[in-house]
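Take a look at the structure set out below.
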Amino acid sequence: MEFDTKLIHGGISEDKATGAVSVPIYMASTFHQQKIGENQYEYSRSGNPTREAVEKLIAELEVGTAGFAFASGSAAIDTVFSMFSAGDHFVIGNDVYGGTFRLIDAVLKRFGMTFTVVDTRDLAAVEEAITPNTKAIYLETPTNPLLRVTDIVAVAKIAKSHQILSIIDNTFSSPYVQRPLEQGVDIVLHSASKYLGGHSDVIAGLVVTKDDQLAEKIGYLQNAIGGILAPQESWLLQRGIKTLSLRMRAHLANAEAVFNYLSNQPLVSKIYYPGDPNNPDYEVAKKQMHGFGAMISFELQDGLDPKQFVEQLHVITLAESLGALESLIEIPALMTHGSIPRDIRLKNGIKDELIRLSVGVEDQKDLLADLERGFNELKRSEKNVSDSKVHSQA
Ligand SMILES: *Cc1c(COP(=O)(O)O)cnc(C)c1O
């Protein structure tokens with residue numbers, strides 16, 4: 001089956017009992033056992049038909065052996081790290097999701113795990129960071145918010161040569177844009193609260209494994225720790241996933257239009273977008289991504305106020321999160337990355353002027369007009385400032 005068909009007919013796509021073309025929401029905590037040990041389901045933490053439908057679907061979409069649904073992306077990440085033990089070491093991408101960094105720094109370190117943070121684009125640095133205790137390389141590509149792209153095949157190869165795991169958080173791309181398991185990675189995970197859910201109405205996490213051995217481990221931990229996705233949310237997520245390709249095509253086309261617009265906007269000093277031919281990661285992105293994603297970050301010229309810009313917009317929503325139908329804009333330094341100390345943030349390349357935009361599926365004309373409104377407002381206030389300077393000198 002082709003990808004677009006799998007979205008509709010993959011996994012478990014209809015109810016076997018009634019033929020209903022949408023899998024029912026099975027609100028049941030337990031299941032009647034006619035004969036002990038012969039039941040398909042026993043207890044909904046261990047297995048629920050609605051959850052199973054979305055789990056089978058994501059396994060097919062990411063081309064893995066099994067899928068697992070969790071109450072959030074964070075719960076998915078925590079469950080994956082629960083495979084490991086005190087004393088284990090990990091190589092971590094330097095630009096991972098803030099919540100992932102917090103989990104590592106504030107929780108997992110207390111349990112005796114150790115981490116080395118590297119720019120995973122630098123393959124020599126990745127190789128060098130590996131110690132005899134290293135158990136996995138964990139990364140995101142493209143990263144947040146600077147959209148740096150790591151060569152997935154190359155990192156998977158390094159992991160394999162050291163007999164350690166490679167784990168990728170694929171939230172920013174979705175399996176429409178990139179399928180890391182096909183490129184040699186062992187475990188792929190998602191915050192399905194973003195592109196997979198797609199409608200800003202569900203918090204969920206997904207994990208897909210490359211082989212049965214890993215699937216058994218994750219399945220065991222999912223049941224043991226219990227951070228499962230509930231039936232209602234499982235249904236909502238499956239419903240969201242059905243339109244992934246339709247949405248992604250619109251997201252990608254709009255992102256390209258926004259990139260072209262920003263490239264010609266003199267008040268923008270720098271753009272971060274993997275589809276920019278001048279981006280140093282462009283060739284790697286072109287090789288491993290189907291389209292370049294729909295996240296764009298950009299910096300305003302020195303002295304311009306990003307707050308003033310984002311607060312002017314009418315169509316584009318000022319909010320955290322991404323991957324939604326709505327275009328969402330935010331200032332990392334004040335919002336998503338505000339908890340990182342400023343000196344570390346600046347060292348990582350996240351300037352105060354940086355703006356992150358998750359390009360939605362609205363009409364392009366409205367998006368570009370909205371951006372234009374924001375830039376016009378900046379120009380007007382710049383002019384007012386210089387007028388008042390002239391005035392005060394007089
Ligand atoms: C949002 C996000 C997460 C965390 O997922 P939740 O569903 O919010 O718990 C993890 N990784 C990335 C890249 C994210 O964007």
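The values are calculated or read from the model by the stated rules, or taken from the named source; none is laboratory data. Given the structure is predicted, the values throughout are model-derived calculations rather than measurements. Because the Cβ atoms are built from the backbone with ideal geometry, glycine has one as well, and the counts that use them run over all protein chains shown.
So here's what we get for this one:
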read-out	value
Long-range neighbours under 6 Å by Cβ, at least six apart or interchain, first residue over 15 Å from Val188 (Cα atoms) within region 204-224, second more than 16 Å from the ligand (Cβ to nearest atom) and of a type in the set (Gly, Ala, Ser)	Asn223/Ser46
Ser193 of a type in the set (S, T, N, Q) and in a loop (DSSP other than H, G, I, E, B)	yes
Test: residue in region 232-252 that is of a type in the set (A, V, I, L, M, F, W, C), surrounded by fewer than 17 Cβ atoms within 10 Å (Cβ to Cβ) and touching a helix residue (DSSP H, G or I) at 6+ places or on another chain (Cβ under 6 Å)	no
Residue within region 332-348 that is closer than 20 Å to Asn170 by Cα and of a type in the set (Ser, Thr, Tyr) present	yes
Identity of the residue in region 295-329, under 14 Å from Glu362 (Cα atoms) and among the hydroxyl-bearing types (Ser, Thr, Tyr), that ends up nearest to the chain's Cα centre (by Cα)	Ser327
Filter pass, Gln265 being within 16 Å of the ligand (Cβ to nearest atom), touching a residue at least 24 places away in the same chain (Cβ under 8 Å), over 23 Å from Gly323 (Cα atoms) and over 15 Å from the mean Cα position of the chain (by Cα)	no
Any pair with Cβ under 6 angstrom, 6 or more apart, that starts in region 56-75 at a residue that is away from the ligand (no atom under 16 Å from the Cβ) and ends at one that is aliphatic (A, V, I, L, M) and in a strand (DSSP E or B)	Ala59/Ala66; Ala59/Val208; Gly64/Val208
Candidate set from region 1-40 (those that are aromatic (Phe, Trp, Tyr) and crowded, with 17+ Cβ neighbours inside 10 Å); member that is farthest from Gly240 (Cα to Cα)	Phe31
Residues satisfying the stated conditions in region 6-51, i.e. closer than 19 Å to Gln238 by Cβ, without any contact (Cβ under 8 Å) to a residue 40 or more places away in the chain and of a type in the set (S, T, N, Q)	Thr18, Gln40
Residue check for Leu139: part of a helix (DSSP H, G or I) and within 15 Å of the ligand (Cβ to nearest atom)	no
Selection from region 175-230 of residues that are more than 16 Å from the ligand (Cβ to nearest atom) and among the aliphatic types (A, V, I, L, M)	Leu181, Leu214, Ala215, Ile218, Leu221, Ala224
Only listed residue being in the same structural domain as His9 (by TED's automatic domain parsing), outside any loop (DSSP other than H, G, I, E, B) and buried (at least 23 other Cβ atoms within 10 Å of the Cβ), chosen from Val185, Val153, Val208, Val149	Val208
Single condition Ala324 does not satisfy, out of (1) outside any helix (DSSP H, G or I); (2) at pLDDT 90 or above; (3) under 21 Å from Val268 (Cα atoms)	(3)
Complete set of residues in region 310-344 that are in contact with a strand residue (DSSP E or B) (Cβ under 7 Å, 6 or more places away or on another chain) and hydrophobic (A, V, I, L, M, F, W, C)	Val310, Leu313, Ile316, Leu318, Ala319, Leu322, Ala324, Leu328, Ile329, Ile331, Ala333
Residue, nearest to the chain's Cα centre (by Cα), within region 80-113, restricted to residues that are assigned to a loop (DSSP other than H, G, I, E, B) and more than 22 Å from Phe68 (Cβ to Cβ)	Asp95
Hits in region 76-94 - residues which are charged (D, E, K, R) and near the ligand (Cβ under 10 Å from one of its atoms)	Asp78
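Every residue, every condition in (1) touching a helix residue (DSSP H, G or I) at 6+ places or on another chain (Cβ under 9 Å); (2) in a loop (DSSP other than H, G, I, E, B), yes or no:
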{"residue": "Ser269", "(1), (2)": "no, no"}
{"residue": "Leu304", "(1), (2)": "yes, yes"}
{"residue": "Ile355", "(1), (2)": "yes, no"}
{"residue": "Gly360", "(1), (2)": "yes, yes"}
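The rows are residues; the columns are (1) touching a residue at least 60 places away in the same chain (Cβ under 8 Å); (2) closer than 25 Å to His251 by Cβ.
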position	(1), (2)
Pro306	no, yes
Gln312	yes, yes
Ala324	yes, yes
Ile331	no, yes
Gly338	no, no
Lys347	no, no
